[in-house]
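The values are calculated or read from the model by the stated rules, or taken from the named source; none is laboratory data. Not measured: the values here are computed from a predicted model. Glycine gets a Cβ as well: all are built from the backbone with ideal geometry, and neighbour counts include every protein chain shown.
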Amino acid sequence: MEAKIEALKNKSISELQAEYEALLDGKKVPSDNKVHLIRKIAYRMQELEYGGLSEETKARIAELIEKYDPINNKALRPQVVSGGKNVVAIPFLRDKRLPIPGTLIQKKYKSQDIQVKVLEKGFEYKDKHYKSLSAIAYEITGAHWNGFSFFGF
């Protein structure tokens, strides 16, 4: 298997695209990025050789995503029943770039260690509440910063 995967590196993009379509039963090629295609093909080759994820593993992954997905903040969304169906309610709009509440954002700035706690609505820095990361960046630097840029998001 290792030799087959290594051999992929020497193939052209058109050869990789043809192999992708062959291995995935004619599924449309998602990209012309060589590294991406090699990874997809290698995964599929191993899946065919050794078997894919078990149904139990897939169910566990889905359960963990539902409970802890930080990108979509699903852990923060209460379940609401409307018309007999479960509906995911978003109590307030929240920037999806932010980690879930309770997360500590850490940064080193001019030899000082900065720790900011993400709250449900805002942030906490040095026991003081702020509405935005930009306000904290201004407090630290004395200059106007985009909070996401300053904290490396």
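Kindly provide the set of residues from region 101-110 that are surrounded by fewer than 17 Cβ atoms within 10 Å (Cβ to Cβ) and either under 20 Å from the mean Cα position of the chain (by Cα) or within 22 Å of Y68 (Cα to Cα) (or both), ordered by number. Explain how you work it out, then say what you get.
Quick first cut of region 101-110, residues surrounded by fewer than 17 Cβ atoms within 10 Å (Cβ to Cβ) only: 101-104, 106-110.
Scanning region 101-110 gives P101, G102, T103, L104, Q106.
Evaluate the following for D25: is it at positive phi and free of Cβ contacts under 8 Å to residues at least 40 places away in the same chain? Step through it out loud before you land on a result.
Numbers: at positive phi: yes; free of Cβ contacts under 8 Å to residues at least 40 places away in the same chain: yes.
Yes, satisfied.
Just to be sure before I move on: is N72 outside any loop (DSSP other than H, G, I, E, B), at pLDDT below 90, of a type outside the set (A, V, I, L, M) and more than 30 Å from I5 (Cβ to Cβ) in the structure I sent?
On the way: outside any loop (DSSP other than H, G, I, E, B): no; at pLDDT below 90: yes; of a type outside the set (A, V, I, L, M): yes; more than 30 Å from I5 (Cβ to Cβ): yes.
No: the conditions fail for N72.
Among the residues of region 25-35, what is the count of those that are under 20 Å from E2 (Cα atoms) and surrounded by 14 or more Cβ atoms within 10 Å (Cβ to Cβ)? Lay out the reasoning, then the answer.
Step one: filter region 25-35 for residues under 20 Å from E2 (Cα atoms), giving 34-35.
Still in the list and also surrounded by 14 or more Cβ atoms within 10 Å (Cβ to Cβ): 34.
Here the count works out to 1.
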Check: Scanning region 111-153 for residues that are of a type outside the set (S, T, N, Q), more than 20 Å from the chain's Cα centre (by Cα) and part of a loop (DSSP other than H, G, I, E, B), which turns out surrounded by the fewest Cβ atoms within 10 Å (Cβ to Cβ)?
Finding: D127
Note to self: It is to be established whether one or more residues within region 47-66 are more than 23 Å from the chain's Cα centre (by Cα), modelled with pLDDT of 75 or more, assigned to a helix (DSSP H, G or I) and surrounded by 11 or more Cβ atoms within 10 Å (Cβ to Cβ).
What the structure shows: yes
Next item on the list: List the number of the failed condition for K96; all other conditions in (1) assigned to a loop (DSSP other than H, G, I, E, B); (2) surrounded by 12 or more Cβ atoms within 10 Å (Cβ to Cβ) hold.
Entry: (2)
Margin query: Being at pLDDT 90 or above and outside the structural domain of G122 (by TED's automatic domain parsing) narrows it down to one residue among K108, K40; which is it?
Written below: K40
Next item on the list: Pull up region 1-39, narrow it to residues that are assigned to a loop (DSSP other than H, G, I, E, B) and among the aliphatic types (A, V, I, L, M), then point me to the one that is farthest from E49 (Cα to Cα).
Entry: V29
